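Reading through the structure tokens given below for one structure.
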Amino acid sequence: MFSQFLQLTLAGVAQGCVYALVALGFVLIYKATETVNFAQGDLMMLGAFFGLTASTVLGWPYWATILFAIVVMAAVGMLIERIVIRPVLGYPTFTVVMITIGVGYVLRGVVTMVPGWGTETYSLKTPFGEGVIRFGGVVLASEQLATIVLTAALCLALYLFFRFARLGVAMQATSQNQLAAYYMGIPVQRVNMLIWGLAAGVAAFGGILLAPVAFVHSNMGFIGLKAFPAAVVGGFGSVPGAVVGGLIIGVVEALAGFYLPEGFKDVAAYVVVLVVLLFMPSGIFGETVRKKV
Amino acid sequence: MRFIFKTDYNQDIRLFQHGGQMFWYGLLGVLLLAAPYLVSGYVLSQLQFICIYSIVGLGLMLLVGYTGQISLGHAAFLAVGAYTEALLQAAGMPFIVSLTSAALLSAAVGIIVGLPALRLKGIYLAIATFAFNVIVEEIITRWESLTGGNSGKLLKAIEMFGFRLSSPESFYYLCLGLTVLAVLALINVLRSPTGRAFVAIRDSEVSASCMGINLAYYKTMSFALSAALTGVGGALYAHKVGFISPEQFTLVQSIELVTIVIIGGVGSLHGAILGAAFIIMLPQGISIAKDWLPESVSPAGLQSVVFGLILIAFIIFEPYGLYGRWLKIRTYFDVFPFYRRGTFRRQRVYLRSERLR
């Protein structure tokens, strides 16, 4: 009984890691530019397709495909920021949300139009094998373990980057107060562009991690919609919140899928979001700012 | 250019500002009334869709364009209206009763959503309504004894006062009449203190509440009115399509409804109708464009690419939408040699931040 609960929780954590990665992308962009990127899931999908191309057409090894996808997607992210986001900087949030929805539509459409990608479903080979790992009564697929470990590694890397790297500190300053950062000599516009690149790179990483579980498909970006609850539960402006939120959503979903009647699995995440918003309008780790006139 | 010198308040809130306006709207009305005898059956069917989407667009315009509340969950209200209509018609209710119930029930759901939404702002509100949409969609799918689940519900033709509205012409007149009613109702709401309270809330919540506007009351009311109109649209939509199932009321549908508001022009009633017409006619235009594509490219994604590009282009280049474009053209001719490029330039507010509001 307990081992089954543990089993479900671990599976939920593995799935939640992917939500957390997508949510991390939302939060990075939201913190810096106050833009909510509804295309984050589609960026993840595009990243997975680039990884797929690198591994099947070019025949590169797994780690090289990850690196390739991240680099290409970072470029794509910066391009998107430069072309469509910068002209509407300073407009109401809703405007920018609609722009990113438009970007999502374009990316989804373009992927189905590219010869060789199309609307079919693909699978991506991983070096982790098909094996399972047992601890006591709990079984964990090696792919799930790899997802958890790689997510943890990425979080550590991001933490170190924001804590010690010059650019990371500049990004943090920008996201706390753009004007003050600008007065301190930080090139805010360029930093915003780099943040979009970073978020798109993180999305590509998430896409490749998700590929063995969910397959590569032009509609796989809709997983990004599950990451919204994750970001909101954790508090939209908080990087640790995104990770915690993602794990919560993943675990709740896994448990709801088993203990509750059919159908609750798909809405569990959204019910959690509504409940959290009802009691904490800005999420668990959200910052509360006093109203100023 | 026509100058109107207003000397009293009644002049300011008149339905038509001058005879010219009355003439052009009258002409439009006559053309719309004569449409069934002028156009083909296919165009008439598109006109019915435009009327239905206009009603929904007007409802959403009230919420998004005038009160400034974001909703990504309006397809759920559409679903409430459509299913109420389907169930009550199956139970043998007359159309007047079922349509009114669809509107009232949607309004009630709107209040239920609007109340928790009082505490939420900006993006949190968008995500809460979006979560609400997903939940409603799932309820419709799972509650098979009531809604028929994925196998959907069929609807019969409307019967009203002993007449069967089975011909396309009669249904078109019904849709047109309801659209005109919706427009008149909204004009009246907007020129009353209620409408001005909505606009005040949109422009600044803080200053609106300082002026004595009860934020909770007006925000909930805006949600309820908007949901009621959307419910009416949903009931008509159900009759137009004749078959409803959960996959017609997804998040994608909600986004399309918001696009009506954006493309038409935020904050104008004309915009809601222009946007609805645009969205209905877009697939037609795209299917023509498909013939120009090279063979090797699969045309499946073209629709979503064009849709996305149009959305982006409107927001970047024409933030006031189709109606804004028309205003610019008209102003250009009105002031002919003196038009200046900066006339409509939008002021940028770099420091306006949702976090600090």
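The values are calculated or read from the model by the stated rules, or taken from the named source; none is laboratory data. Note that the structure is a prediction, hence the values are computed from the model and not measured. Here the Cβ positions follow ideal geometry from the backbone for every residue, glycine too, while neighbour counts run over all protein chains shown. Calculation scope for accessible area: heavy atoms of the full protein, side chains included, ligands and nucleic acids excluded. Shrake-Rupley method; radii C 1.70, N 1.55, O 1.52, S 1.80 Å.
Structure summary
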{"quantity": "B:LEU118-A:PHE161 pseudo-label distance in nm [points 7 Å out on the Cα-to-Cβ vector]", "calculated": "4.3"}
{"quantity": "Rh by Kirkwood over Cα pairs, then Stokes-Einstein D for region A:120-267 at 1.567 mPa s and 4 °C, µm²/s", "calculated": "73"}
{"quantity": "Rg(Cα) / (2.2 N^0.38 Å) computed for region A:47-126, rounded to two decimals", "calculated": "1.31"}
{"quantity": "Exposure rank, largest accessible area first [A:LYS31, A:LYS125; 1.4 Å]", "calculated": "A:LYS125, A:LYS31"}
{"quantity": "P(r) of region A:35-85 over all Cα-Cα pairs, binned every 10 Å from zero, in whole percent", "calculated": "26, 48, 21, 5"}
{"quantity": "For region B:96-147 versus region A:43-74, the gap between their alpha-carbon centres in whole angstrom", "calculated": "41"}
{"quantity": "FRET efficiency estimate (nearest 0.05) - Cβ-Cβ, A:THR121 to B:LEU181, R0 35 angstrom", "calculated": "0.15"}
{"quantity": "Rel. contact order, % - alpha carbon contacts under 8 angstrom, at least six apart, region B:49-189", "calculated": "32"}
{"quantity": "Average beta-carbon neighbours from other chains, 10 Å sphere, peptide A:76-88", "calculated": "1"}
{"quantity": "Area of B:MET93 that stays accessible when all protein chains are in place (1.4 Å probe, Å², to 10)", "calculated": "90"}
{"quantity": "Residue-averaged beta-carbon neighbours from other chains (10 angstrom radius) around B:126-136", "calculated": "6"}
{"quantity": "Cα-only radius of gyration and Dmax that characterise region A:146-212, units Å", "calculated": "14.0, 46"}
{"quantity": "Mean shadow area of region A:185-241, taken as a quarter of the surface of its Cα convex hull (nm²)", "calculated": "5.1"}
{"quantity": "Exposure of B:HIS74 as accessible area (Å², to 10), given a probe of 1.4 Å and all protein chains", "calculated": "0"}
{"quantity": "Long-range Cα-Cα pairs in region B:101-140 (distance over 12 Å), rounded percent", "calculated": "63"}
{"quantity": "Stokes-Einstein diffusion coefficient of region B:124-273, Kirkwood radius over Cα pairs, 4 °C, 1.567 mPa s, in µm²/s", "calculated": "72"}
{"quantity": "Added length on full extension, which subtracts the Cα-Cα distance from 0.36 nm per residue, B:ARG196 to B:PHE333", "calculated": "46.3 nm"}
{"quantity": "Of A:LYS31/B:LYS121; A:LYS31/A:LYS226; A:LYS265/B:LYS121; B:LYS156/B:LYS240; A:LYS265/B:LYS153, pairs whose Cα-Cα distance is over 21 Å", "calculated": "A:LYS265/B:LYS121; A:LYS265/B:LYS153"}
{"quantity": "For region A:183-287, alpha-carbon Rg and Dmax in angstrom", "calculated": "16.2, 56"}
{"quantity": "Cα pair distances exceeding 17 angstrom across region B:182-221, given as percent", "calculated": "26"}
{"quantity": "Rg/Rh (Cα only; Kirkwood hydrodynamic radius) as it applies to region B:197-304", "calculated": "1.11"}
{"quantity": "P(r) of region B:30-130 over all Cα-Cα pairs, binned every 10 Å from zero, in whole percent", "calculated": "14, 34, 30, 18, 5, 0"}
{"quantity": "Against the rule of thumb 2.2 N^0.38 Å, how large the Cα Rg of the protein assembly as shown comes out", "calculated": "1.00"}
{"quantity": "GNM top mover of A:MET78, A:MET171, A:MET280 - chain A, alpha-carbon springs below 10 Å", "calculated": "A:MET280"}
{"quantity": "Heavy-atom accessible area order for A:VAL88, A:VAL239, largest first, 1.4 Å probe", "calculated": "A:VAL239, A:VAL88"}
{"quantity": "Mean separation of Cα contacts under 8 Å, 6 or more apart, over the residue count of chain A: relative contact order %", "calculated": "36"}
{"quantity": "Size of charge dipole - region B:179-249 - debye, nearest 20, with Cβ of Lys, Arg +1 and Asp, Glu -1, no other charges", "calculated": "180"}
{"quantity": "Ratio Rg/Rh, restricted to chain B and using Cα atoms, in which Rh is the Kirkwood radius", "calculated": "0.97"}
{"quantity": "Sorted largest first, extent of chain A alpha carbons per principal axis (Å)", "calculated": "57, 49, 36"}
{"quantity": "D_trans [Stokes-Einstein, Kirkwood Rh over alpha-carbon pairs] for region B:67-186, 25 °C, 0.890 mPa s, µm² s⁻¹", "calculated": "152"}
{"quantity": "Computed Kirkwood radius, in angstrom, where 1/r is averaged over Cα pairs of region B:236-286", "calculated": "12.0"}
{"quantity": "Convex hull of Cα atoms in region B:61-120, direction-averaged projection (nm²)", "calculated": "4.3"}
{"quantity": "Listed residues B:THR194, B:ALA238, B:SER268: farthest to the positive end of the dipole of region B:176-284 (Cβ charges)", "calculated": "B:THR194"}
{"quantity": "Low-density loop positions, chymotrypsin sites (Phe, Trp or Tyr not before Pro), region A:48-87 - DSSP coil, at most 14 other Cβ in 10 Å", "calculated": "none"}
{"quantity": "Region A:39-98 - percent of accessible surface contributed by carbon and sulfur, probe 1.4 Å", "calculated": "79"}
{"quantity": "Size of charge dipole - chain B - debye, nearest 20, with Cβ of Lys, Arg +1 and Asp, Glu -1, no other charges", "calculated": "1260"}
{"quantity": "For the protein assembly as shown: accessible area per residue (Å², 1.4 Å)", "calculated": "46"}
{"quantity": "Burial order of peptide ranges A:114-123, B:78-87 (average beta-carbon count within 10 Å, highest first)", "calculated": "B:78-87, A:114-123"}
{"quantity": "³J(HN,Hα) computed for each position of region B:15-26 - Karplus, 6.51 cos²θ - 1.76 cosθ + 1.60, integer Hz, glycine/proline x", "calculated": "5, 10, 6, 7, x, x, 4, 4, 5, 5, 5, x"}
{"quantity": "Computed log₁₀ I(q)/I(0) - Debye formula, equal Cα scatterers, no solvent, region A:1-107, q 0.19 Å⁻¹", "calculated": "-0.98"}
{"quantity": "Rg and Dmax of region A:101-154, Cα atoms only, in Å", "calculated": "17.3, 49"}
{"quantity": "Gyration tensor over alpha-carbon atoms, region A:63-205, equivalent ellipsoid semi-axes in Å", "calculated": "33, 24, 13"}
